[in-house]
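Some notes on the structure that comes next.
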Amino acid sequence: MPITLTTVVDDHPRFWCEFVLWLLCANARTAMAKRVYFTCTPPAGLVAFANARGCDIRRADRLIAASPHCNKLIPFLDPTAPGDQIVTDSDVFLTGDLQPFLRPDRVRLPPNNHGNPPLAIFREVFAAAGLRPPEPGVALFTRVDGQRETFGGNVSAGVIAIPAAHRDLAHVWHKWALWLVERTEMLGRFAVHVDQVSFALAMQETDVRFQFLPPQANAVLQILPEITDLHALHLTSGHIPQYPQWFAADGTLKADAINPALADPIARYNLCVREANTVIATIPELAAFAENFLNPAYRRDG
């Protein structure tokens with residue numbers, strides 16, 4: 001069955017600019033069909049750009065108003081969507097092809113990067129939900145408190161690969177997201193992570209077969225000096241300001257900031273960044289935000 005690569009784009013020029021680069025990178029690196037769900041009325045110029053590059057455009061309402069991160073569930077809940085889907089955040093930019101990572105018999109997401117939330121919060125949430133206690137594990141990097149301990153199945157939801165055989169998981173995930181968004185006090189300062197904690201609840205309830213995606217399919221800046229294989233960059237506007245020395249004035253990544261073994265995929269990515277800058281400059285609603293796109297000096301509000 002064909003696989004569709006999908007993203008969901010909310011109502012802010014930051015996301016619109018990210019989508020331009022998302023689609024350029026996707027078209028350059030994979031033959032998968034591409035689809036976007038807009039939870040807003042996108043600028044006409046952005047629609048024209050997507051149409052010209054063969055992207056299927058859909059309109060959808062926000063799934064859970066109090067948790068925009070849960071919008072990534074929209075494609076899996078759409079009965080008209082194809083069965084096999086890989087859904088990524090709009091700030092996940094392909095440097096390789098993610099299609100080989102989808103497995104017909106299991107759900108796949110990358111491991112959690114910074115141990116958010118910690119294990120104690122998962123224990124409280126799972127107990128309140130009436131589920132068996134979570135197993136311990138560690139994240140790739142430390143939290144701000146210097147600890148890595150978290151739920152052993154804690155994920156980053158930047159890339160989600162769900163085959164048709166496990167599509168019903170999305171409904172269980174949605175159920176737990178609705179449950180958790182009414183109890184965010186249990187998450188404390190980690191309340192923004194309703195999407196990934198509700199995924200953990202769904203997996204704990206269903207025992208669907210799961211396997212982590214490699215971190216190289218959702219690579220954050222922190223890991224780039226330490227890897228030699230790269231399939232997708234997850235460049236969030238929350239992480240970029242931590243590495244200002246790695247970015248050139250046009251938003252491209254400097255070659256001397258990373259492992260030299262990644263020179264080729266980063267060079268291909270930088271070509272897409274330069275093309276994205278050209279496209280963004282032609283769309284007034286995006287051009288007004290252009291100086292903030294991939295700019296380490298930009299600090300997002302939320």
Boolean, Gln242 is surrounded by 16 or more Cβ atoms within 10 Å (Cβ to Cβ), closer than 27 Å to Phe15 by Cα and of a type in the set (S, T, N, Q):
no
Would a scan of the stretch 115-122 turn up a residue that is outside any loop (DSSP other than H, G, I, E, B), at pLDDT 95 or above and within 24 Å of Gln222 (Cα to Cα)?
yes
Return the pair list, or none, for Cβ contacts closer than 7 Å from residues in the stretch 26-38 that are in the same structural domain as Arg59 (by TED's automatic domain parsing) and under 11 Å from Gln99 (Cβ atoms) to residues that are part of a loop (DSSP other than H, G, I, E, B) and not aromatic (Phe, Trp, Tyr), at least 6 apart or on different chains.
Arg29/Thr95; Arg29/Gly96; Arg29/Asp97; Thr30/Asp97; Thr30/Leu98; Ala33/Pro2
Taking the criterion of being within 19 Å of Ala66 (Cβ to Cβ) and either at pLDDT below 95 or touching a His at 6+ places or on another chain (Cβ under 8 Å) (or both), would at least one residue in the stretch 145-165 satisfy it?
yes
Number of the condition not met by Asp195 [criteria: (1) surrounded by fewer than 21 Cβ atoms within 10 Å (Cβ to Cβ); (2) assigned to a helix (DSSP H, G or I); (3) out of contact with any strand residue (DSSP E or B) (no Cβ under 7 Å at 6 or more places or on another chain)]:
(1)
Which residue pairs have Cβ atoms under 6 Å apart, sit 6 or more places apart or on different chains, and have a first residue in the stretch 271-300 that is of a type in the set (Asp, Glu) and a second that is part of a loop (DSSP other than H, G, I, E, B)?
Glu285/Pro43
Let me confirm something: among Ala249, Ala263, Ala267, which residue is part of a loop (DSSP other than H, G, I, E, B) and among the aliphatic types (A, V, I, L, M)?
Ala249
Residue among Arg167, Arg103, Arg143, Arg123 that is of a type in the set (Lys, Arg), at negative phi and in contact with a helix residue (DSSP H, G or I) (Cβ under 8 Å, 6 or more places away or on another chain)
Arg167
Of those in the stretch 156-186 that are in a helix (DSSP H, G or I) and over 21 Å from the mean Cα position of the chain (by Cα), the residue surrounded by the fewest Cβ atoms within 10 Å (Cβ to Cβ) is Glu185
Just to be sure before I move on: is Ala120 outside the structural domain of Ile3 (by TED's automatic domain parsing), within 26 Å of Leu235 (Cα to Cα) and without any contact (Cβ under 8 Å) to a residue 60 or more places away in the chain in the structure I sent?
no
State the number of residues belonging to the stretch 15-29 that are out of contact with any helix residue (DSSP H, G or I) (no Cβ under 6 Å at 6 or more places or on another chain) and buried (at least 19 other Cβ atoms within 10 Å of the Cβ).
7
Name the residues in the stretch 1-29 that are more than 17 Å from the chain's Cα centre (by Cα) and among the β-branched types (Val, Ile, Thr), would you?
Ile3
Taking the stretch 256-267 and keeping only residues that are more than 16 Å from Leu294 (Cβ to Cβ) and in contact with a helix residue (DSSP H, G or I) (Cβ under 7 Å, 6 or more places away or on another chain), one is left with Asn259, Leu262, Ala263
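The values are calculated or read from the model by the stated rules, or taken from the named source; none is laboratory data. Note that the structure is a prediction, hence the values are computed from the model and not measured. Here the Cβ is made from the backbone with ideal geometry for all residues, glycine too, and neighbour counts use every protein chain on show.
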